[in-house]
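Asks: One structure is given below, represented as structure tokens, and several questions about it will come after.
The values are calculated or read from the model by the stated rules, or taken from the named source; none is laboratory data. What you see is a predicted model; the values in this text were computed from it and never measured. Note that we place each Cβ from the backbone using ideal geometry, even for glycine, and neighbour counts take in every protein chain shown. All accessible areas refer to the heavy atoms of the entire protein, side chains included, with ligands and DNA or RNA removed. Shrake-Rupley method; radii C 1.70, N 1.55, O 1.52, S 1.80 Å.
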Amino acid sequence: MVKIRSSEITPEHIYLSRRKFMQGIGAVAAGSVLAACGVQAPPGGISNNPSGAADTPHTAEPGPTEAASDELGDSLTTYEAVTGYNNFYEFSIDKQAVAKLAEGFQTSPWTIEVGGLVNNPKTFGIEDLLGRFTQEERIYRMRCVEGWSMLIPWLGFPLAGLLKEVEPTSKAKYVRFETLYDPARLPGQTSAWYEWPYVEGLRLDEAMLDLTILSTGLYGKELLPQNGAPLRLVVPWKYGLKSIKSIVKIDLVEEMPTSLWMAAAPHEYGFYANVNPQVPHPRWSQSTERRIGEFGRRETLMFNGYVDEVAHLYAGMDLAKNY
Ligand code: MTE
């Protein structure tokens, strides 16, 4: 497998490296109830321990070192934190319990059905996607709506490539994503608080942007169940809740999809969920955030720091109304 050295990483742009990665061979082989990313105390034991990635028992090959940084000069969040502090309500609303509960979650065989308003509907096995699309590394900030953030080296490929294969028709305006629905394997789905399965959506132009990826791994390793294995969305200028995990269905649709969070708390969560420090959540400010592994808070950046790439998508829109 290709190893990525931090010295190979260019800090100039949104992602630090773009390379052929395992091409063709598949990846390495109410209160808190109504808070997307339910508000919790910051994780006690999680720090920027530079040996975190190497220590993990999941290590097949090391990915970038935690000394790597993004184009703003910030260090990666440790592998330990990225894989040990998770929001995945299908397993638990306790972030630090998710990893353990998700252990052994079967992600093979796994198919993703892509259809709706397309000329060429297709069902892909996860290994088809890994073989067909070059896996690239993208280092992105992830800002949870709740006020914490991470810097994560994802592996994945642009969603646009997959959508082009199925050929959306001219009627298609939005993309709707669905997580696996299987309460026997995802016990949180027995909770009556939410309308399962987890659903998310993007406008078609948002989905086609190169920044939007489907991720199959992180830190140079296969994605773990707690992070949404085997396939999850990553939309770095939007709050983390948009980055739907363990996807089994992608549909091109005409009407704006209703996400799980829009259905659960329509007065709190809108369709767009763009990171915006000027638009507070009804119950808390969004002007600052805590980067996991750091003390204190930092300013939240408009569109999570991706203004140049995405601002044109929202020209003329009132972002306080379209939240
Ligand atoms: N996808 C599903 N299916 N279920 C979830 O509970 N939580 C979302 C998002 N995707 C969630 C999900 C939220 S609120 C966040 S912040 C991110 O996943 C967290 O991703 P991570 O655990 O990999 O950091």
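Asks: Which of the residues spanning the stretch 115-147 are surrounded by fewer than 22 Cβ atoms within 10 Å (Cβ to Cβ) and in a strand (DSSP E or B)?
Replies: Gly115, Gly116, Val118, Lys122, Thr123, Phe124, Gly125, Glu136
Asks: Can you confirm whether the stretch 177-193 contains a residue that is of a type in the set (Lys, Arg), crowded, with 24+ Cβ neighbours inside 10 Å and within 13 Å of the ligand (Cβ to nearest atom)?
Replies: Taking every residue of the stretch 177-193 in turn, none turns out to be of a type in the set (Lys, Arg), crowded, with 24+ Cβ neighbours inside 10 Å and within 13 Å of the ligand (Cβ to nearest atom).
Asks: Another question about this same structure. Please verify whether Phe157 is in a strand (DSSP E or B) and away from the ligand (no atom under 16 Å from the Cβ), treating the condition exactly as stated.
Replies: Values: in a strand (DSSP E or B): yes; away from the ligand (no atom under 16 Å from the Cβ): yes.
For Phe157, the condition - in a strand (DSSP E or B) and away from the ligand (no atom under 16 Å from the Cβ) - is met.
Asks: Which ones in the stretch 151-172 are farther than 18 Å from Glu137 by Cβ and either surrounded by fewer than 19 Cβ atoms within 10 Å (Cβ to Cβ) or among the charged types (D, E, K, R) (or both)?
Replies: Listed by number, the residues that qualify are Lys164, Glu165, Glu167, Thr169, Ser170, Lys171.
Asks: What are the pairs with Cβ atoms under 6 angstrom where one residue, in the stretch 242-254, is closer than 18 Å to Asp128 by Cα and the other, located anywhere, is open to solvent by less than 30 Å² (accessible area, probe 1.4 Å) and near the ligand (Cβ under 7 Å from one of its atoms)? Sequence gap at least six, or different chains.
Replies: Ser246/Thr179; Ser246/Gly228
Asks: Shifting gears a bit: Here is a check on your reading of the model: is Pro225 modelled with pLDDT of 95 or more and either surrounded by fewer than 21 Cβ atoms within 10 Å (Cβ to Cβ) or under 18 Å from Ser108 (Cα atoms) (or both)?
Replies: On the way: modelled with pLDDT of 95 or more: yes; either surrounded by fewer than 21 Cβ atoms within 10 Å (Cβ to Cβ) or under 18 Å from Ser108 (Cα atoms) (or both): yes.
Against the criterion (modelled with pLDDT of 95 or more and either surrounded by fewer than 21 Cβ atoms within 10 Å (Cβ to Cβ) or under 18 Å from Ser108 (Cα atoms) (or both)), Pro225 qualifies.
Asks: Answer with yes or no whether Lys245 is open to solvent by 10 Å² or more (accessible area, probe 1.4 Å), basic (Lys, Arg) and closer than 24 Å to Glu90 by Cα. Steps first, please.
Replies: Values: open to solvent by 10 Å² or more (accessible area, probe 1.4 Å): yes; basic (Lys, Arg): yes; closer than 24 Å to Glu90 by Cα: yes.
Yes; evaluated as a whole, the condition is true for this residue.
Each row is one residue, and each column tells you yes or no for (1) modelled with pLDDT under 95; (2) within 20 Å of the chain's Cα centre (by Cα); (3) among the β-branched types (Val, Ile, Thr).
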{"site": "Glu103", "(1), (2), (3)": "no, yes, no"}
{"site": "Pro109", "(1), (2), (3)": "no, no, no"}
{"site": "Val118", "(1), (2), (3)": "no, no, yes"}
{"site": "Lys122", "(1), (2), (3)": "no, no, no"}
{"site": "Ile126", "(1), (2), (3)": "no, yes, yes"}
{"site": "Leu129", "(1), (2), (3)": "no, yes, no"}
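Asks: Take the residues in the stretch 73-101 that are within 16 Å of Arg291 (Cβ to Cβ) and among the aromatic types (Phe, Trp, Tyr); name whichever of them is farthest from the ligand (Cβ to nearest atom).
Replies: Tyr79
Asks: A follow-up question, please. So is Ile250 more than 13 Å from the ligand (Cβ to nearest atom) and under 11 Å from the mean Cα position of the chain (by Cα) or not?
Replies: Working: more than 13 Å from the ligand (Cβ to nearest atom): yes; under 11 Å from the mean Cα position of the chain (by Cα): no.
Here the answer is no, as Ile250 does not meet what is asked.
Asks: OK, next. Which one of these does Ser170 not meet: (1) of a type in the set (Ser, Thr, Tyr); (2) on the phi < 0 side of the Ramachandran plot; (3) in contact with a strand residue (DSSP E or B) (Cβ under 7 Å, 6 or more places away or on another chain)?
Replies: (3)
Asks: May I ask you to verify whether Leu233 is buried (at least 22 other Cβ atoms within 10 Å of the Cβ), over 16 Å from the mean Cα position of the chain (by Cα) and within 10 Å of the ligand (Cβ to nearest atom)? If you could, list the steps in order and put the result at the bottom.
Replies: On the way: buried (at least 22 other Cβ atoms within 10 Å of the Cβ): yes; over 16 Å from the mean Cα position of the chain (by Cα): no; within 10 Å of the ligand (Cβ to nearest atom): yes.
So Leu233 fails the test.
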